[in-house]
Amino acid sequence: MNNTSNNLDENSKAAKINNTMRIVWIILITVFAAVILWRVYEWSNGQG
């Protein structure tokens, strides 16, 4: 274990968590939008 890079490691860990959260949000929003679009598509086909 190397303690000299501890602070740097903490910073990169925080950045990694931030990036992960951003990716998770992007995936959630994309899936949510896809589901809504699919529902609208199915509904419009069902109406026709």
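Where a number appears in this text, it was derived from the coordinates with a stated rule and is not lab data. Just so you know, these numbers come straight off a predicted model, no measurement behind them.
Quick look at the values:
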item: Identified option (computed Rg and Dmax of the Cα atoms in Å; candidates [x] 20.0, 68; [y] 20.6, 67; [z] 21.1, 72); result: [y]
item: For region 32-39, Karplus couplings with θ = phi - 60° (6.51, -1.76, 1.60), whole Hz, Gly/Pro x; result: 4, 5, 5, 5, 4, 4, 5, 4
